[in-house]
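See below for the structure under consideration.
The values are calculated or read from the model by the stated rules, or taken from the named source; none is laboratory data. Note that the structure is predicted; figures quoted are calculated from it, not measured. Glycine also receives a Cβ, built like all others from the backbone with ideal geometry; neighbour counts cover every protein chain displayed. Heavy atoms of the whole protein, side chains included, go into the accessibility calculation; ligands, DNA and RNA do not. Shrake-Rupley method; radii C 1.70, N 1.55, O 1.52, S 1.80 Å.
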Amino acid sequence: MTDVSSQVAAVHLELIEAVGAALASSKSTATADTAALLAIERYREDGWNDLAKALRRRLAGKTVDASTLDEEDRMILAAIERATDEPQWLQHVAEQAEVEAAEQIAALILAATWGERDALAALNEMREAARAAGVQGSTAHAFVAIVEGERRLDALLESHENAQTGLVGRTLAALALREQDQD
């Protein structure tokens, strides 16, 4: 079986959950099948044609030749198979991905606090993307506030109502460890 990256699984979590749920049920339900087909169709519309075709075959109970798929498609298919066989695994994927992301973001924040231009630009781009999407008080906004010196989780969450609590908290913890290592 293809190794399943927690990051890839987390990015495609909605699709994996929908198709996995449709495949896992002993009796196919119209609701689960419809949710899976809608998720697959969104991927097809976004250009994931080979994956969409493979997933429709899999839902129809047919075999899928994974060798015809690219690496990411194979990882998504493997994640769906694993989620079907081990539903509890999928519950841990998002948390594991959040931990990994927090480590990377903490490194970015630390670099930004030292004045590294690329790190500052990356964080600003994240904040601007959230703002352009109409999201104020986002996780990206909280990250910028951390660069500016705020380190209290309660204050960050209070002033950034749309921030992801877990990711902000894990990022603060990872940042504190990195800052301790620098002392």
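Points worth noting:
- Some residue of the stretch 91-106 being at pLDDT 95 or above, among the β-branched types (Val, Ile, Thr) and in contact with a helix residue (DSSP H, G or I) (Cβ under 8 Å, 6 or more places away or on another chain): yes
- Residues in the stretch 72-86 that are open to solvent by less than 20 Å² (accessible area, probe 1.4 Å) and modelled with pLDDT of 90 or more: Asp73, Ile76, Leu77, Ala78, Ala79, Ile80.
A quick yes/no check of all residues on (1) surrounded by 14 or more Cβ atoms within 10 Å (Cβ to Cβ); (2) in contact with a Leu (Cβ under 8 Å, 6 or more places away or on another chain); (3) among the acidic types (Asp, Glu):
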site: Ala39; (1), (2), (3): yes, yes, no
site: Arg56; (1), (2), (3): yes, yes, no
site: Val64; (1), (2), (3): yes, yes, no
site: Gln88; (1), (2), (3): no, no, no
site: Val99; (1), (2), (3): yes, no, no
site: Glu116; (1), (2), (3): no, no, yes
site: Ala132; (1), (2), (3): no, no, no
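- In the stretch 168-175, the condition of being farther than 16 Å from Leu108 by Cβ and either surrounded by 15 or more Cβ atoms within 10 Å (Cβ to Cβ) or charged (D, E, K, R) (or both) is met by at least one residue.
- Helices (runs of 4 or more DSSP H) (entirely within the stretch 127-183) containing at least 3 residues that are under 19 Å from Glu98 (Cβ atoms), in contact (Cβ under 8 Å) with a residue 24 or more places away in the chain and among the hydrophobic types (A, V, I, L, M, F, W, C): 139-147, 165-182
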